[in-house]
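Taking it in order: structure first as C-alpha cells, then the write-up.
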Amino acid sequence: MDDYTNARTKIKCECIKNNHIFYKEPTNLKRAKGCPDCIRDEWEIRMNKKLPCVYDTHPDIAKCLKNQEDGYIYSHGSGKEFTFICPVCGNEIVATMNYATTQGLSCGVCGGGKSYPNKIMYNLLTQLGVSFIDEYSDDWTDGKYYDFYFCLGDRKYIVEMDGQFHYNDVFSSLGSQKSIDDYKDYLAKSQNICLIRIDCNYPNIKNRYDYIRTNILNSKLSEIFDLSAVNFKECDFYARMPMVKVLADFWNKNIRTLESLSELAGCNKDLASTLLKKASDFGLINESRDDVHTILCQNGYKIAKEKQISIKLTKGRPIKIIQTNEVFRSPAEAKRQYPELKSIYDNLKGTVHYAGEIDGQKICVKYISTQDYMNQSTGANSPRLCILRKEK
C-alpha cells in the first residue's frame, strides 16, 4: 500500500483475506508464510484447543513427546521443534512437529533411514514374494534413483512413492522437483518400463496409513497383483517400527543369517550387523553382542562353504571311468584320486587309447553330462561313495 523505497525499508501491506494492516520488509514478503495477524489468531485458537491437537491426529507421535503436554497444545502442522523420545532405545530426537507427523521419527541410534511410505511398499512387495531392487540405479538412469524396480515375465516395472516434496515447496522448489519427475518418467518410458507413482502427500491427512493404502489399491498395482492377499496392517506395523526392532523380531524368530536378515529388513548387511548388536544392548534379544557376532560369523562361514561347494560343482567337466563306473566332477579330481592316470587328458581327446593303469588294469575315461554326474554321485550305492566309505 506504500511506495517502494528499497528492499530493507518496511512497506505498508494489507491482508487480502481479512484486511489486516501490517508492515514488512519487501525482501521478506516472498518468504513470508502469511499475514502475521492471521497467524497470531490461528495460534490463539490452537492454544485454546479449538483445532485438533497432535493427540487427536497422530497419537503415535504424541506419545513420543518428551513433554507430553505439548501434544495437547500444538497441532500436527506446527513448525516448532520438539524433543521426542525413541520408543525403542530412549534416544532423544529433535524434530519439528510437521516433519515428525509427515515423515515419521528417524532415530539416529536405531533407525534404518527409510521413509514411512517406502517401508510400506518394501513390506508389500516382500509379502507378494516379488524379487525387487530398492533405490534402483543403472547406466540409463543418468544418476537418478528409483524407489523400487522389479520384473514380471517380460515386463519391467518401477514404483515411485511420491511424498509431499513432489507436490509442495519443501526441500527444493516445486518446479525443480516436477522437472526431475518428468525426466525420470521420460527415462523409464525410453526403456519401455511401466512407471507407477503412488501419491503419499499426506501432510494434512489425519490417517496416513489409510491414505497410502487407498492410493495403492487404486493404482495400477491392483491390476498386476492380487492385493487382497496383502496384510496391510503388517505393512503399517513394519513401517512404524524402528529398524532395530524389526531385526530383533526376525532374530527372535531364529532367522540368523545376514543374507536373510538384511533382505527381510531392507537394509545392507553391515547395518543389520550393527543394529543387531544395538538390539542386544537394548535388551530386545537374549544374546550378548559377542554371541551375536559369533553366530553371524558361524552362519556366514557355513553359507560361504556351501557356495564354494556349489561353485566347485559347476567348474570343470564331469567324467566317468568306464571300467569302474566311478564319476568325478573333473579330470583333475580323477587324477588326484588316481595319480596313475597320467594320460587322462589325451584319452579324453582321443589321441591315446588309455588314460593309464590301475592295479594292472588299463583304464579309459569319457565325458558325461552334469546331470548324469549329479545322479550318480548322489546315489546311495554309487561306486564313488562306496569307495569313500571303504577308505573311511
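Rule-based calculations on the coordinates, nothing more; no lab input. These numbers come from a predicted model, not from an experiment. Cβ coordinates were reconstructed from backbone atoms using ideal geometry, including for glycine residues, and neighbour counts include every protein chain displayed.
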Sequence-distant residues sharing a close amide H with H20 (under 5 Å, placed H): C15
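In terms of the Cα gyration tensor, with a ≥ b ≥ c the square roots of its eigenvalues, is the range 268-354 rounded because a/c is under 1.5, prolate because a/b exceeds b/c, or oblate? If you can, show how the numbers build up before the last one.
On the way: a/c = 5.83, a/b = 4.47, b/c = 1.30.
Taking the square roots of the gyration eigenvalues as a ≥ b ≥ c, the range 268-354 is prolate.
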Under Karplus coefficients 6.51, -1.76 and 1.60, residue-wise ³J(HN,Hα) of the range 8-21 in Hz, glycine/proline x: 9, 9, 4, 10, 6, 10, 10, 5, 6, 8, 10, 6, 6, 9
3J(HN,Hα) from dihedral phi, the range 258-267, Karplus parametrisation 6.51/-1.76/1.60, rounded to Hz, x for glycine, proline: 4, 4, 6, 4, 5, 5, 6, 8, x, 9
Sites C364 and K305 - FRET efficiency at Förster radius 45 Å, r taken between beta-carbons, to 0.05: 0.85
Hz values of 3J(HN,Hα) by residue in the range 347-356 - Karplus curve (6.51, -1.76, 1.60), Gly and Pro given as x: 5, 5, 6, x, 7, 10, 7, 9, 8, x
Dipole magnitude of the range 116-239, debye to nearest 20 (Cβ charges: Lys/Arg +1, Asp/Glu -1, about Cα centre): 280 debye
Mean separation of Cα contacts under 8 Å (6+ apart) over length of the range 243-304, as relative contact order %: 35 percent
Highest average packing first - 289-298, 231-240, 15-24, Cβ atoms within 10 Å: 231-240, 289-298, 15-24
Packing rank of 58-66, 177-185, where each peptide gets the mean count of other beta carbons within 10 Å, highest leading: 58-66, 177-185
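Given K233/K277; K114/K269; K144/K184; K114/K245, which pairs have Cα atoms separated by over 18 Å? Please list the in-between numbers first.
Details: K233/K277 28 Å; K114/K269 15 Å; K144/K184 7 Å; K114/K245 14 Å.
With Cα atoms farther than 18 Å apart: K233/K277.
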Calculated FRET value between S137 and A332, using beta carbons and R₀ = 45 Å, to 0.05: 0.65
Proxy reagent accessibility, fewest Cβ within 10 Å first, across R155, R208: R155, R208
